[in-house]
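Okay, structure first, notes after.
The values are calculated or read from the model by the stated rules, or taken from the named source; none is laboratory data. This structure is a prediction, so every number in the text was calculated from the model and none was measured. We place every Cβ from the backbone using ideal geometry, glycine too, and count neighbours over all the protein chains shown.
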Amino acid sequence: MKDIESIARERIVILDGAMGTMIQRLGLAEEDFHPQGMEAHPVSLKGNNELLSLSRPEAIRKIHEQYLEAGADIIETNTFSATRIAQAEHQCEHLVRDLNLASARLARAACDAFTRKDPSKPRFVAGAIGPTNKTASLSPNVEDPGFRAVSFDDLVASYKEQADALLEGGVDLLLVETIFDTLNAKAAFYAIEEVFDARGERVPLMCSVTITDASGRTLSGQTIDAFLISMGHVPLFSIGLNCALGAAQMRPYLQVLAEQAPCLVSVYPNAGLPDQMGEYRETPEVTARLVGEFMRDGLVNIVGGCCGTTPEHIAALATEAKKHQSRTTETVAINS
């Protein structure tokens, strides 16, 4: 069976779409988010989607299966906020290891079932590692710019716990995503390397940054060029963009990555920009057309969806991807 690195050299790889969007569609109640034994938890847990891997595993497995049916080669674990730092908001720090193990195993089982059905199209699990809800580079207190709500060492410890459990759960890749603060990302990759050393194993590393607005910078102030340089020490399988923007707004930043990145390039945009009600209205056809332009111009190797995207969006992207070649330095040069 081919590994993901071999496949990515041959064709455009399809990543899944939004987990949160699919969970919202289920219309779950507060009690759905309470694992057994936590019925009387002192704070509300609704919206803590990672808990569903324990309390409603069949729902998470079904979402994975829907994205696999749509044609995803890689699905992400339900672990975006499954770190001790992020779970502290819900007083669920004690569940972090269980959350990551359960989520990885759910995704692993879904992928393995689809691979058995069609061994010519193997499926892969990416352990999703989000940015946490704290930033190491900026102060949350405007009156005390030197204050930090989290330290680099705190982040490293939190990410080590998550990465170790994801690897134990059987993921094929690790994806540090929705990066808004480069220092947070550096802590994540530092932690991952320590886990690799301790476990004596490695998996490919994916990295995805978020450009927060039309300024073309991350929340911590870096341009995409500067971010790429900052990640130069990490042996990445891929680097790319996700969240915050729709595909229509991403092109200038994606172009920089396509021209300069020494590794594969990924993009998984939101389904456009949210409307006044916070809803994402971009249709699968529009998303596929816009991302299809990136594929046509040889800018990407991996495509998928972020906020607002659904299996229908991923199916449209998978169909579009069959018409195009994967990015190489030669195709970028020709189309630039």
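In segment 201-213, which residues are surrounded by fewer than 17 Cβ atoms within 10 Å (Cβ to Cβ) and either of a type in the set (Gly, Ala, Ser) or modelled with pLDDT under 95 (or both)? Those that are surrounded by fewer than 17 Cβ atoms within 10 Å (Cβ to Cβ) and either of a type in the set (Gly, Ala, Ser) or modelled with pLDDT under 95 (or both): 212, 213. Being surrounded by fewer than 24 Cβ atoms within 10 Å (Cβ to Cβ) and either farther than 22 Å from residue 163 by Cα or hydroxyl-bearing (Ser, Thr, Tyr) (or both) is the filter here; which residues of segment 45-67 pass it? Hits for segment 45-67 are 45, 46, 47, 55, 56, 58, 59, 62, 65, 66. If you go through segment 159-200 and pick out every residue that is acidic (Asp, Glu), out of contact with any helix residue (DSSP H, G or I) (no Cβ under 7 Å at 6 or more places or on another chain) and surrounded by fewer than 20 Cβ atoms within 10 Å (Cβ to Cβ), you end up with 2. Take segment 96-142 and flag every residue that is of a type in the set (A, V, I, L, M, F, W, C) and modelled with pLDDT under 95. Across segment 96-142, the qualifying residues are 136, 138, 142. Of all residues in segment 221-253, exactly one satisfies the criterion of being assigned to a helix (DSSP H, G or I) and either under 17 Å from residue 204 (Cβ atoms) or in contact with a Phe, Trp or Tyr (Cβ under 6 Å, 6 or more places away or on another chain) (or both), namely 224. When segment 199-220 is filtered for residues that are in contact (Cβ under 8 Å) with a residue 12 or more places away in the chain and at positive phi, only 216 remains. Just wondering, is there one or more residues in segment 256-272 that are within 27 Å of residue 20 (Cα to Cα), touching a Gly at 6+ places or on another chain (Cβ under 8 Å) and in a loop (DSSP other than H, G, I, E, B)? Looking for residues that are within 27 Å of residue 20 (Cα to Cα), touching a Gly at 6+ places or on another chain (Cβ under 8 Å) and in a loop (DSSP other than H, G, I, E, B), one finds at least one in segment 256-272, hence yes. Among the residues of segment 222-256, those identified as at pLDDT below 95 and within 12 Å of residue 179 (Cα to Cα) are 222, 243, 244. Can you tell me which residue is nearest to the chain's Cα centre (by Cα) among those in segment 133-157 that are under 18 Å from residue 234 (Cβ atoms) and buried (at least 19 other Cβ atoms within 10 Å of the Cβ)? Looking at the filtered set, the residue picked out is 155. Of all the criteria given as (1) part of a helix (DSSP H, G or I); (2) polar (S, T, N, Q); (3) closer than 23 Å to residue 161 by Cβ, the one not satisfied by residue 78 is (1). Checking 272, 278, 216 one by one, the residue that is touching a Lys or Arg at 6+ places or on another chain (Cβ under 7 Å) and modelled with pLDDT under 95 is 272 and no other. Looking only at residues in segment 307-327 that are closer than 18 Å to residue 296 by Cα and β-branched (Val, Ile, Thr), which one is surrounded by the most Cβ atoms within 10 Å (Cβ to Cβ)? Restricting to residues being closer than 18 Å to residue 296 by Cα and β-branched (Val, Ile, Thr), the top hit is 314.
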